[in-house]
Amino acid sequence: MADSNILPIEFVDLKKQRARIGDKIDAAIQKVLSHGQFILGPEVKQFEDAMKQFTGVKHAIACSNGTDAIALCLMALKVRPGDAILCPSFTFAATAEVVAWLGATAIFCDIDADTFNISPASIKAGLETAKQKNLKAVGVISVDLFGLPCDYDAVETLCKENGLWLICDSAQGFGCAYKGRKTGMIGTFATTSFFPAKPLGCYGDGGAVFTNDDEMATLLQSLRFHGKGSDKYDNVRIGMNARLDTLQAAILLEKIAVYADEIEARNKVAAAYTARLQDAVKTPFVPADCTSVWAQYTLTLPEGTDRNALAAALKDKGIPTAVYYPKPLHQQTAYNRYPVAGNGVPVCENLAGRVISLPMHPYLTDAQIDYICTEFKAAMKAPQAAAA
């Protein structure tokens, strides 16, 4: 077992972040407690302004969580039963959950084996599937999985050619960049989550929607507050209660102030992992002109590896791991009645049994990274892991 300078190793270490900015966060919380404006207080607008400055987008609408963020977009786009929305199967349930809320049909697409993001070829197949099932394809929800942006040149071209809107689900990717464009600048809408374990996370639930469309921004602000018009008792449309708490906005204001530095640190951690592990396992791929924020550092294990045995061996050494995701959405009970694109999604199904994620946060030390890599390589060579 490693010495006390290395252990414990946290999968996501919020304690070290708090040690860095805890005093500022405490002061920000106390300020909200003093002024007492707990719903849509001044810090919410300040945080929205900070997000706009960080991303370069025209409008940032803070909301209750990443799931509600997507739901607000679908409501603004007037999604209804009979509509088909294409999304990857290799993602968290929230991506498709909101489609079902509105009675529309998710068509699950395959992913690229190198980036884990939605495959443009599978989007094309999904459009044909929609036609065959007499569904009206209206849009695509892409996912910037593990903090890496999608192949947006290809995805945006497909959307334009087929009259589709695009929602970029960047729950894991706030701050990632594709050819100079950051999260928020791409798509009809972009959304994100501030769940505590996300790269930019609060101390509860939170989310945001981004758009460059003035009218849509006004509509979203109404929808997140019960469809209000001139005031909260003038309800001009059906909306929802999807506001971000002022306390969470105050916390996020202090976190976004150090976020650029944390993204740089995450990329250094990822580069160190890759340099040490690329000769032993398939490491993550970042295309040229893209920047990941490394929500996860996800490896693809060789065929036949006993992932459970590998994870157990690492746990015995004090190294936590996680699997994102063990079962694609199209195979889950709640979603297996929805169609898949074309002849299936074999990449999703294959990778679900082979991916494993290592600890990733900005505060991993060189000694911890060396230890993790050394023990990972040793565990990979062990007979129980090598043969499933």
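Derivation of every value follows stated rules applied to the coordinates shown; laboratory data play no part. Because the structure is a prediction, the values reported are computed rather than measured. All Cβ positions, glycine included, derive from the backbone under ideal geometry; neighbour counts span all protein chains shown.
GNM, the chain, Cα, under 10 Å: largest mean-square fluctuation among Ala280, Ala288, Ala271?
Ala288
Which aspartates and glutamates, if any, have their Cα less than 18 Å from the Cα of Lys315, not counting same-chain residues under 8 positions apart?
Leaving aside aspartates and glutamates fewer than 8 places away in the same chain, those within reach of Lys315 are Asp3, Glu10, Asp13, Asp306, Asp370, Glu375.
Would you please classify the overall shape of the range 260-386 from the alpha carbon gyration tensor, given that a ≥ b ≥ c denote the square roots of the eigenvalues, rounded means a/c under 1.5, and beyond that prolate means a/b larger than b/c while oblate covers the rest? Please list the in-between numbers first.
Numbers: a/c = 2.06, a/b = 1.33, b/c = 1.55.
Oblate, since a/c reaches 1.5 and b/c is not below a/b.
Taking Rh as the Kirkwood radius computed over C-alpha pairs, what is the Stokes-Einstein D of the range 43-83 at 4 °C in a medium of viscosity 1.567 mPa s, expressed in µm² per second? Present the calculation step by step, with values, prior to reporting the outcome.
Details: Rh = 11.6 Å.
Result for D is 111 µm²/s.
For Lys31, give me every one of the lysines with a C-alpha distance below 19 angstrom, ignoring sequence neighbours fewer than eight places off in its own chain.
Counting by Cα, and skipping residues close in sequence, Lys31 has these lysines nearby: Lys45, Lys255.
For the pair Ala272 and Ala334, what calculated FRET efficiency results from E = 1/(1 + (r/R0)^6), where r is the Cβ-Cβ distance and R0 = 41 Å, to the nearest 0.05? Walk me through the numbers on the way to the answer.
Working: r = 39 Å, r/R0 = 0.94.
Efficiency computed from Cβ-Cβ geometry: 0.60.
Within the range 340-369, which residues have the backbone N less than 17 Å from the label spot 7 Å out from Leu7 along Cα→beta-carbon, could you tell me?
Backbone N within reach: 359, 365, 367-369.
Estimate the FRET efficiency between Asp114 and Ala197 by the formula 1/(1 + (r/R0)^6), using the beta-carbon distance for r and 30 Å for R0, to the nearest 0.05. Intermediate values should be presented prior to the final figure.
Values: r = 24 Å, r/R0 = 0.81.
Between Asp114 and Ala197 the formula returns 0.80.
Students often check this: by mean Cβ neighbours within 10 Å, which of 99-105, 138-144, 157-163 ranks highest, and how do the rest follow?
In decreasing order of mean packing, 99-105, 138-144, 157-163 become 138-144, 99-105, 157-163.
Past 22 Å, Cα to Cα, is the threshold; run Lys282/Lys377; Lys182/Lys327; Lys182/Lys228; Lys182/Lys268; Lys327/Lys381; Lys136/Lys160 against it and keep the listed order. Write out the running numbers ahead of the final one.
Details: Lys282/Lys377 12 Å; Lys182/Lys327 30 Å; Lys182/Lys228 31 Å; Lys182/Lys268 19 Å; Lys327/Lys381 26 Å; Lys136/Lys160 16 Å.
Over 22 Å apart, Cα to Cα: Lys182/Lys327; Lys182/Lys228; Lys327/Lys381.
Can you give the relative contact order of the chain as a percent, counting alpha carbon pairs under 8 Å and 6+ residues apart?
Details: 800 pairs, mean separation 90.3, N = 388.
In percent, rounded to a whole number, it is 23.
Kindly identify the range 6-93 as rounded, prolate or oblate by the Cα gyration tensor criterion: order the square roots of the eigenvalues as a ≥ b ≥ c, call it rounded if a/c is under 1.5, otherwise compare a/b with b/c, prolate if a/b is larger, else oblate. Write down the numbers at each step before the final one.
Values: a/c = 2.54, a/b = 1.39, b/c = 1.82.
Here the range 6-93 falls in the oblate category.
Working out 0.36 nm times the residue gap between Glu161 and Asp289, then minus their Cα-Cα distance, what length gain in nm do you get to one decimal? Walk me through the numbers on the way to the answer.
Values: separation 128, 0.36 × 128 = 46.08 nm, distance 2.41 nm.
Gain in length upon complete extension: 43.7 nm.
Between His35 and Asp213, what is the FRET efficiency for a Förster distance of 41 Å, r being their Cβ-Cβ separation, to the nearest 0.05? Show your work: numbers first, answer last.
Working: r = 32 Å, r/R0 = 0.78.
After rounding to 0.05, the efficiency reads 0.80.
Separation between the Ala257 and Tyr233 pseudo-spin-labels, each 7 Å from Cα along Cα→Cβ, expressed in nm?
Spacing of the two 7 Å Cα→Cβ label points: 3.9 nm.
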